[in-house]
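Structure first, then comments.
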Amino acid sequence: MITTTKPAPRLDTAGRTAPRKRRPLRTWVIAVAAYVIAVIFLLPYLEMLVMALRPNNELGLATILPKHWTFSNFTTLWSSGLGGSIGTSLEIAAGATVIVLLVALPAAYCSARRRFRGRVAFLLLVLATQMFQPAAMLVGIQREFSDFGLPPTLSLIVVNAAFNLAFAVWILTAFFASIPVELEEAAMVDGLGRVGALTRITLPLAAPGIVTALIFTFIAAWNEFLVALTLSLGQAPSQQPLTVAINNYIGEYSVDWGHLFAAGLVATVPVIILFAFIERRVVSGLTAGAVK
Amino acid sequence: MPAALRRLAPLLWLSPALALIGVVVLWPVVVMVQSSFQQIGGEGFVVGYNGTTNYHNLFHEPDFVSVLLRTVVWVVVVVAVTVLLSLGLAQLLHQKFPGRRLTRWALIIPWAASVMMTALIFKWALDPNVGVINVILHHIGVVKQYGSNQADWLGNPTSALAWMMAVAIFVSLPFTTYAILSGLQGIPGDVYEAAQIDGATSWRSYLGVTLPLLRPAILVATLINVINVFNSFPIIWEMTRGGPGYETSTSTIYMIDLKQSDVGQAASMSVFNFLLVIVIVLVYLSTTRWKEQVDQ
């Protein structure tokens, strides 16, 4: 079955209690190489910060760092309706997350606990949808949802929920399957009842999986661009999700880079922090089912 | 509870998921195939069925073949380089060194951030007059003059594609590295001890022991990357819009551009894309003897 990946912490602590040896040169060579790579991965996003703090009158200067620093891009950001876009993105991401949880929890619990006919077929169908990308069927999505006539925000909630369902079902199935049935049965014998066993025993034990599915869906929906761009076409900027609204700083003849990157930071930093919480479990959810 | 009801119970638990997949993931495919045989006017108004005309027109578009070839190159280069670099990166981050946790966190940033934002950063950094990459290249003497053709990386199809591939690789590295890293963590240490006793050098034991054991992880990571890279949209759209002309377009960008003028033909392009992805995946799975891996 699918197991969550754990780095081996035991060796680390053992090393700490034992008399400290000097680290060999090889360790430091490895460490320095890793730090350099870490900095390379960080630099583009630091550049975003540098640009957001660069005064507008220095945008035309060919210098790596600005001569002066200013926070004005962040303070003037809100007059352009960015608050509304953040609200729209929050609605979409939170809405999609709630739907994914409501839909994936029963499906995953049932798939993990019961051996019914069609169980494998269902899990395969879910896995197949992971191979389906909105970009590949954009024409179909656009035509279907224009027929539905739903408001764009609601459409985007549903689309994001559907395309992130696979990840949630897989990781939750793995978590439920790893919780022994005997625990639930014991709780039921002790008089908790089926619902009590579920809410007091199973769900808390599956909490890491639930949190991972929740955060992953939230981030994916928050970052989604193509469907958002297609379905929120012609909306007022404050009604558009953040990824689309940021593109409004790109004009026909000039780009408002300062505001663009300030808004980009607002959109990016929270999800990077959220992602750090689930980082270790995401891979097992994405590759689950494929390597059993 | 009657036996028949008990057997239907799972359906009750699964039905919300089935409904969501059916309506939002599967039905658009049906609509797409249907649209590909229709003549559709500017406002999405269906004029009527026109048989295979959309496909016929699509295959006779002057840019069609070059866009397809470019898509194949795009996918092969981006995925191959990503997997190769990730093998090295995973090996490095698998070692024990102070600050390993922090360096792993730095690696996830391009994964957590939206690809669109990353693409915009690079579009800015490659600005021919003031972009920071050009400023650095100017300082070290590679770029002779700001605003010159040489500094206009995104204006020249060849250099634009190279830079966009680099960005695509950059944003694909975190997931791939993490997938291989989790594969590495699944290899028990005594396997290496055995190899060492047998006198294998570290390079030999990597080729002989590590790589074969990593195969499932590499397979899945490659497969997921192929799907993502084939469908990748924000990088090319933000950095060149597929231009000049269609000279930096992949099939996804081409399809989205077609959608502005002729929805029916865009639908036929989507169907074609869709079949292409299925073929790529099947070919990949058969050449890598996927079944054996899963059955083991």
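The values are calculated or read from the model by the stated rules, or taken from the named source; none is laboratory data. From a predicted model like this one, the values you see are computed outputs, not experimental measurements. Because the Cβ atoms are built from the backbone with ideal geometry, glycine has one as well, and the counts that use them run over all protein chains shown.
Summary table below
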| read-out | value |
| --- | --- |
| B:Ala90 vs. criteria crowded, with 22+ Cβ neighbours inside 10 Å, more than 9 Å from chain A (Cβ to nearest Cβ), of a type in the set (A, V, I, L, M) and closer than 27 Å to A:Ala33 by Cβ | yes |
| Boolean, B:Leu275 is assigned to a helix (DSSP H, G or I), modelled with pLDDT of 85 or more and closer than 29 Å to B:Ile40 by Cβ | yes |
| Subset of the range A:36-73 that is surrounded by fewer than 14 Cβ atoms within 10 Å (Cβ to Cβ) and among the aromatic types (Phe, Trp, Tyr) - its residue that is modelled with the highest pLDDT | A:Trp69 |
| Residue match in the range A:223-237 (condition: more than 30 Å from B:Gly22 (Cα to Cα), surrounded by 16 or more Cβ atoms within 10 Å (Cβ to Cβ), more than 12 Å from chain B (Cβ to nearest Cβ) and touching a residue at least 60 places away in the same chain (Cβ under 8 Å)) | yes |
| Enumeration of residues in the range B:165-210 that are away from every other protein chain (no Cβ under 14 Å) and aliphatic (A, V, I, L, M) | B:Met165, B:Val191, B:Ala194, B:Ala195, B:Ile197, B:Ala200, B:Leu207, B:Val209 |
| Residue list for the range A:199-222, restricted to those being in a helix (DSSP H, G or I) and without any contact (Cβ under 8 Å) to a residue 40 or more places away in the chain | A:Thr199, A:Arg200, A:Ile201, A:Leu203, A:Pro204, A:Leu205, A:Ala207 |
| Complete set of residues in the range B:15-49 that are facing another protein chain (nearest Cβ under 8 Å), over 25 Å from B:Ser261 (Cα atoms) and surrounded by fewer than 16 Cβ atoms within 10 Å (Cβ to Cβ) | B:Val23 |
| Only listed residue being assigned to a helix (DSSP H, G or I), of a type outside the set (Asp, Glu) and facing another protein chain (nearest Cβ under 10 Å), chosen from B:Leu68, B:Leu107, B:Leu84 | B:Leu107 |
| Test: B:Val30 is over 25 Å from the mean Cα position of the chain (by Cα) and not aromatic (Phe, Trp, Tyr) | no |
| Restricting the range B:120-178 to residues that are in contact (Cβ under 8 Å) with a residue 12 or more places away in the chain and among the charged types (D, E, K, R), the residue that is surrounded by the most Cβ atoms within 10 Å (Cβ to Cβ) | B:Lys123 |
| Residues within the range A:164-189 that are closer than 15 Å to A:Leu123 by Cα and either part of a helix (DSSP H, G or I) or aliphatic (A, V, I, L, M) (or both), tallied | 13 |
